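**Q** Submitted below is the structure of interest, expressed as structure tokens.
The values are calculated or read from the model by the stated rules, or taken from the named source; none is laboratory data. What you see is a predicted model, and the numbers here were worked out from it, not measured in a lab. Cβ placement follows ideal geometry from the backbone for every residue including glycine, while neighbour counts extend to all protein chains displayed. Ligands, DNA and RNA are excluded from the accessible area calculation, which covers all protein heavy atoms including side chains. Shrake-Rupley method; radii C 1.70, N 1.55, O 1.52, S 1.80 Å.
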Amino acid sequence: MALPTIFSPRDEDELVSAINTTPLVDVMLVLLIIFLITIPVVTQSILLELPKEKNIPTQTKPENIVIAIDKEGDVYWNLQRIPDNETLLARLKEISVQTPQPEVHIRGDAGAKYEFVGKVVAACQRAGIVKLGFITEPPAGISAH
């Protein structure tokens with residue numbers, strides 16, 4: 001049994017091998033319309049109130065500890081230089097048992113290596129400090145309200 005073939009009117013021996021893409025385009029357009037309708041419904045099915053962006057200035061309390069790290073990696077507790085990591089850890093352990101536990105604010109110089117800041121963060125973690133924050137400057141053009 002022979003299969004029917006499409007012949008060109010010019011030459012009966014030449015076979016048309018072009019694929020008809022119209023059904024493919026129709027199916028793709030239907031899928032596109034379905035996705036355009038269903039995606040907004042899925043993303044809006046849970047009602048949430050997202051937090052608003054705001055820049056709150058640091059509320060410095062007298063009991064808060066400010067640890068500064070300069071470009072060379074020197075660590076300062078408030079204004080006093082800490083000679084080594086063991087001394088820093090010992091002082092952090094002393095304040096970690098206070099009730100309420102004071103917050104530790106880290107002021108790292110922009111040119112300091114991450115390694116220096118990472119050592120202070122690790123010491124805070126090992127001492128059991130719960131509240132640890134980083135003090136930064138807001139980008140230019142943004143004011144605190």
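**Q** If a residue must be outside any strand (DSSP E or B), open to solvent by 100 Å² or more (accessible area, probe 1.4 Å), under 23 Å from residue 72 (Cβ atoms) and not aliphatic (A, V, I, L, M), how many such residues does the range 93-114 contain?
**A** 2
**Q** Does residue 89 fit the bill of being closer than 15 Å to residue 65 by Cβ, at pLDDT below 90 and among the aliphatic types (A, V, I, L, M)?
**A** It is false that residue 89 is closer than 15 Å to residue 65 by Cβ, at pLDDT below 90 and among the aliphatic types (A, V, I, L, M).
**Q** Can you pull out the residues in the range 97-120 that are hydrophobic (A, V, I, L, M, F, W, C) and within 12 Å of residue 85 (Cβ to Cβ)?
**A** 116, 120
**Q** Something else: Tell me whether the range 48-69 contains one or more residues that are of a type in the set (Ser, Thr, Tyr), at pLDDT 85 or above and either within 25 Å of the chain's Cα centre (by Cα) or open to solvent by 100 Å² or more (accessible area, probe 1.4 Å) (or both).
**A** no
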